[in-house]
Amino acid sequence: MSEELEHVKCLIIGSGPAGYTAAIYAARADLKPVLYTGMLAGGQLTQTTEVENYPGYPEGILGPEMMQNFEKQASRLGTDIRFGYVSSVDFASLPHKVVVDESKTILADTVIISTGASAKWLGLESEQKYNGFGVSACAVCDGFFFRGQDVAIVGAGDTAAEEATYLAKLCRKVYMIVRRDEFRASKAMVHRVLNTPNIEVLYNTETKEIMGDGQVVNSVKVINNQTNEETNLDVSGFFVAIGHHPNTEIFRGWINMDETGYIITKPDSSETNIEGVFACGDAQDHIYRQAITAAGSGCMAAIDAERYLAAKEHVVTA
């Protein structure tokens, strides 16, 4: 039985704000893009509730609804949107070989990687139960909803320290839960935390359970891992800031990445080290990680792909 092959001009891997925006631009440039959604169609935003910081939605919008709008727009403009995941790639020669669902091989003149990143979680059942209803992995996204309230944040690195000080500007009290007896953050960030009066650092402390009324969070049970003493923190928000991991494992060995797996792109560009392969969104952005910056980089990737193809066609026909 012969292998099923398909040749496309532009293949987009991933369906968050970056992927759908890339699709919108690629479709309008007549690249006839094919987009594979991955296992979580719509990406991280489908796991959030209210989105209030994306321009154009004065009343805010639910994350899943927003991603449906992105999908509809990409589809209306001509993107071939398919549910499926990329299981392996071969970027050794042009066109690039991409295997979908371990069964179908696509030959792509250009590939746009927009596989995103996933937040690291503590692994508590209650954490997932209240995700979007008091539990969040993004203080910049959701801190606004907890203005004047008491919240807790878990983490000890620079991101956790930065998000704690951000929350402190909005919230009445911020409990910072640190598992060890010291931070992993830089001295400058630690200094900022310790000099913020409404942040209380709980060292040698771990989260045991997130408590709620079945709908929203109302407290967090923590335990001191030296004394075994349990404490209930009366909070309405619980932020997890223990890091993210980019969904880039299948590109390892082909694409240049940093030590944590974020794809490295050329300065002022979405180009990777592989000709005809571009990256956008949270798969290559460990700094901002916002829907709007992801969308902007998706636009860049599509424009870069279109210009790359136009230049190749010019060389071929010249």
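Across segment 121-240, the volume of the C-alpha convex hull divided among the residues equals 90 Å³ per residue. Couplings 3J(HN,Hα) for segment 185-198, derived from phi with the Karplus relation 6.51 cos²θ - 1.76 cosθ + 1.60 (θ = phi - 60°), are 6, 5, 4, 5, 5, 4, 4, 5, 5, 5, 9, 9, x, 9 Hz, where x marks Gly and Pro.
Largest GNM mean-square fluctuation among G261, G14, G116, using the chain with Cα springs under 10 Å: G261. Considering every alpha-carbon pair of segment 43-107, the percent of pairs per 10 Å bin, from zero through the bin containing the longest distance, is 18, 31, 30, 18, 4.
Given segment 4-139, report the % of alpha carbon pairs whose separation exceeds 27 Å. Result for the distance tail: 28 percent. Would you look at the GNM of the chain, springs on alpha carbons closer than 10 Å, and say which of T196, T21, T165 moves the most? So, out of T196, T21, T165, the one fluctuating most is T196.
Taking the C-alpha atoms only, the angle from helix 158-170 to the longest principal axis of the chain is near 60 degrees. Exposed loop positions in the chain were taken to be trypsin sites (Lys or Arg not before Pro) whose DSSP state is not H, G, I, E or B and which have at most 14 other beta-carbon atoms within 10 angstrom. Between these positions, the longest stretch is 1-119. For GluC sites (Glu not before Pro), no site in segment 270-318 is both called loop by DSSP and has at most 10 other Cβ atoms within 10 Å. Volume of the convex hull of the chain (Cα atoms only), normalised per residue: 157 Å³. Maximal additional length on extending the S186-K32 stretch stands at 50.8 nm, based on 0.36 nm per residue less the C-alpha distance. For segment 99-128, applying the loop criterion from DSSP together with a ceiling of 14 other beta carbons within 10 Å to the GluC sites (Glu not before Pro) yields E102. Its Cα gyration tensor gives segment 73-140 an equivalent ellipsoid. The semi-axes, each the square root of 5 times an eigenvalue, are 34, 17, 12 Å from largest down. Based on C-alpha pairs under 8 angstrom that are at least 6 apart in sequence, the chain has a relative contact order of 20 percent. Computed on segment 207-318, the Cα convex hull volume stands at 164 Å³ per residue.
Read-outs: derived from the displayed coordinates by stated rules, not from any lab. Bear in mind that the values here come from a model prediction, so they are computed numbers and not experimental data. Neighbour counts are summed over all protein chains in view; Cβ atoms, including those assigned to glycine, are modelled from backbone coordinates with ideal geometry.
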